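Read the structure below first, then the notes.
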Amino acid sequence: MALDVTIENLSFWFGRQQVLKNVSLRACQKEVTALIGPSGCGKTTLLRCINRLHDLYAGASVAGKILIGEENILDAGTNRVELRRRVGMIFQKPNPFPHLSVFENVASGLRLHGLAYGRSLRERVEACLRKAALWDEVKDFLDRPGALLSGGQQQRLCIARALAIEPEVFLMDEPCASLDPVSTMHIEELIKELQEEYTVIIVTHNMQQAARISRQTAFVLHGELVEAGPTAELFVHARDSRTEAYLTGKMG
Amino acid sequence: MPDTKWRLVKSFVPEAVCRLAALLVISVLFLILYYIFQRGAGVISPAFLTALPTPVGVPGGGIGNALLGSLVMVALGALLAVPCGVAAAVYLDQNPKSRLAAACRFASRVLTGVPSLIVGLFVFTLLVLRTGQYSALAGGIALAVMMMPVITLSAEEMLRLVPNSWREASLALGASKKQTVLRLVLPAAAAGIAVGVMLAVALAAGQTAPVLLTALTSIFWPENLLQPTASLPVLIYTYAISPFADWQQQAWGAALVLVVMVLMLNIAAQLFIAVKNRRG
C-alpha cells in the first residue's frame, strides 16, 4: 500500500545550525519525487527525517510535521522501529550486510520482523530478487557473501532487501552516485517500476536522472525549498530564478 | 654529482639502520626459540606432559598437573574477562563520547600498564588473605584482571571498524539498536575480537607473578577450583632457580611447552586475520 508523504513546515537543527528552514512538500503516492540541489543544501537531511534516521545523532532537533498518510511520524510517540519498517531506504553507497550471504541479506528484514519462515521465506526472497532484476544474475550464488557482488548488483541487492519487508515509502539517497552508467540504467528502470506500487523520494545530483525518472522535482537551496513542481514544467519553466540558475549550471 | 651521492648515502643509511633493527627483533624471537628447543626438546615426551612431578632425583617426573592447572586458570580467566571486556567494548562503541566511556578507556589503558606483580598482590590481598586459601579461582581472577583491559581496548577497535553505513542499513531496515549490535555489529567484528582474545590469552598464559601469588603451586592434580594449583610459569620459575640438574632440565621442557602454546595462539590469530581478509 502506498501513502502520500506530506511535509509541513519542517525545520531541522544540528545543534545551533539550522539545516532545514520551514520546508513544505507533498510526495504523492505512486510517484517519484526528486530532490535536487547543491551539496550541503539539506536534501539528504530532509530525506533522513522521513525515516527519523537523524534521531540517532546527538544534537538533532526538529519542528513541523511529516505525515505518512494521516499519521504524523514526528510525534514523540512514534515507534521508530515500526516506522523504518514502513519506510525503506537506499543509501548512496551500496551497503549490503558484509557478513551475510546474498540470500540472507534479502532475508534479513523478514527474519528481523518475523515476517516469514522456511519455504515462504525462500519464496519471498526469490520474488524480491526478481523484482529487483537481480535473480538471474545471483540465483546460482545465493550462498556467496553479498559483498562480493559488483557495485550495481550490490545496490540492487539493497533494493531487494528493502522490498522484502514491503515498505510503503522508498527513500533513495543518490542511489546511483557510485555506479557506472549501465548499472545506473538498471536502477533507473527499477525505480520506474517501483513507483507503480510505492511512494518514491529520491535525492539526486544528476539532473538528467531527475528529468528521466521523476514526476515531481523539488529544488532545495541552503535548507529552503525554493520550488517544487511537475518535473516536465520545472525543467522548462522554472518559476524561481535560482532554480533556473541551478538547472542551467549558472549558479555560484 | 657528489651531491647526488651524498643524498643516496643519506637515504641509504637510515633505511639500513631500520632494516637491521627489524632483523634484530626477529632474531631475538628466533634465538629464544632456538635456545629453548635445544635445551628443552630432549625432555618432551607423552609421559612428561601427563605425569605428576616427582621429588628431586626420582626419574619420570612430569608437568601434567601444571599444564592442566594453567589451562584451567587461563580458561577461567578468559571466561570472566571475555564477556566483561566485550560488553564494555560494546558500551564504548555505542556511547563513544560519554564520560563513562572516557573513564573506562583511560582505566583500561592504565590497567594494561600495571605490572602483573601488582595485579597478583591485589588479588592476593583481596581474596587469598581474606579466605586464607590459595586457589585456582583466585588465579583465574588475577588472569582475568590481566586480560580484561586488553580485550576491552582491542574489541572496541574492532567494533569501531564496523562502518556507520552498515549500521544505518540495519536501522533503516527497522532493526532496534540492540538488534543492530547483536545481529550486525558483533558478528561483523567477531573475527577481529577473537584475534584480540587470543592475544590476551597468550599474554595471560605466560604470567608468573599473578598465579604465583594467588594459586601458589601444588604437586598434585587439581581437584577443584578452591585449592592451591600448579601452573606452567610457576613450575618453570621454581624448577629453574633450584640447584638440581634434573629439575632445571624439566624447566626447559616446560618452558618449551609454554612458548609453543603461546606461539600457536599467535599463529592462530594471524591465520584468522588472513582468512578473514581473504573473505573480504
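The values are calculated or read from the model by the stated rules, or taken from the named source; none is laboratory data. In this text the structure is predicted, and so the values were computed from the model without any measurement. For neighbour counting, all protein chains shown are included, and Cβ atoms are generated from backbone atoms with ideal geometry for every residue, glycine included.
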Next item on the list: Scan the range B:155-167 and give yes if some residue there is facing another protein chain (nearest Cβ under 10 Å) and touching a Phe, Trp or Tyr at 6+ places or on another chain (Cβ under 9 Å), otherwise no.
Entry: yes
Next item on the list: Output the number of residues of the range A:53-91 satisfying the condition of being within 17 Å of residue A:24 (Cα to Cα) and basic (Lys, Arg).
Entry: 1
Note to self: Given the condition within 14 Å of another protein chain (Cβ to nearest Cβ), out of contact with any Gly (no Cβ under 9 Å at 6 or more places or on another chain) and in contact (Cβ under 8 Å) with a residue 40 or more places away in the chain, answer yes or no: does some residue in the range B:217-227 qualify?
What the structure shows: no
Next item on the list: Scan the range A:8-50 for residues that are free of Cβ contacts under 8 Å to residues at least 60 places away in the same chain and part of a loop (DSSP other than H, G, I, E, B) and report the count.
Entry: 3
Margin query: Testing residue B:277 on (1) of a type outside the set (Lys, Arg); (2) within 14 Å of another protein chain (Cβ to nearest Cβ); (3) closer than 19 Å to residue B:210 by Cα, one condition comes back false. Which one is that?
Written below: (3)
Check: Out of B:9, B:58, which single residue is in a helix (DSSP H, G or I) and among the β-branched types (Val, Ile, Thr)?
Finding: B:9
Checklist line | Single residue of the range B:125-152 satisfying the filter (free of Cβ contacts under 8 Å to residues at least 60 places away in the same chain and part of a helix (DSSP H, G or I)) that is farthest from residue B:231 (Cα to Cα) | finding: B:130
Next item on the list: Among the residues of the range A:152-174, write down those that are within 11 Å of chain B (Cβ to nearest Cβ), basic (Lys, Arg) and more than 21 Å from residue A:120 (Cβ to Cβ).
Entry: none
Check: Among the listed residues B:101, B:142, which satisfies the condition of being more than 30 Å from residue A:110 (Cβ to Cβ), within 14 Å of chain A (Cβ to nearest Cβ) and modelled with pLDDT of 95 or more?
Finding: B:101
Notebook entry, point to check: Among the residues of the range B:194-216 satisfying the criterion of being buried (at least 23 other Cβ atoms within 10 Å of the Cβ) and closer than 17 Å to residue B:153 by Cβ, which is farthest from the other protein chains (Cβ to nearest Cβ)?
Noted result: B:204
Item checked: Counted residues, the range A:75-84 - those being modelled with pLDDT of 90 or more and either in contact with a Leu (Cβ under 9 Å, 6 or more places away or on another chain) or farther than 18 Å from residue B:179 by Cβ (or both) -> 1
Item checked: Subset of the range A:69-89 [within 14 Å of another protein chain (Cβ to nearest Cβ) and of a type in the set (A, V, I, L, M)] -> A:73, A:81, A:83, A:87, A:89
Margin query: All but one of (1) surrounded by fewer than 20 Cβ atoms within 10 Å (Cβ to Cβ); (2) farther than 30 Å from residue A:153 by Cβ; (3) of a type in the set (A, V, I, L, M) hold for residue A:73; state the number of the condition that does not hold.
Written below: (1)
Notebook entry, point to check: Given (1) assigned to a loop (DSSP other than H, G, I, E, B); (2) more than 14 Å from chain B (Cβ to nearest Cβ), where does residue A:92 come up short, assuming only one miss?
Noted result: (2)
Check: If you take the residues of the range A:51-70 that are assigned to a helix (DSSP H, G or I) and more than 13 Å from the chain's Cα centre (by Cα), which of them is surrounded by the most Cβ atoms within 10 Å (Cβ to Cβ)?
Finding: A:54
Check: Is one or more of the residues making up the range A:232-250 on the phi > 0 side of the Ramachandran plot and either more than 14 Å from chain B (Cβ to nearest Cβ) or at pLDDT 90 or above (or both)?
Finding: yes
Next item on the list: May I ask you to list the residues in the range A:103-132 that are assigned to a helix (DSSP H, G or I) and within 14 Å of another protein chain (Cβ to nearest Cβ)?
Entry: A:104, A:105, A:106, A:107, A:108, A:109, A:110, A:111, A:112, A:128
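Matching residues to (1) more than 26 Å from residue B:177 (Cβ to Cβ); (2) not aliphatic (A, V, I, L, M):
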{"residue": "B:18", "(1), (2)": "yes, yes"}
{"residue": "B:26", "(1), (2)": "yes, no"}
{"residue": "B:29", "(1), (2)": "yes, no"}
{"residue": "B:35", "(1), (2)": "yes, yes"}
{"residue": "B:49", "(1), (2)": "yes, no"}
{"residue": "B:59", "(1), (2)": "yes, yes"}
{"residue": "B:64", "(1), (2)": "yes, yes"}
{"residue": "B:95", "(1), (2)": "no, yes"}
{"residue": "B:107", "(1), (2)": "no, no"}
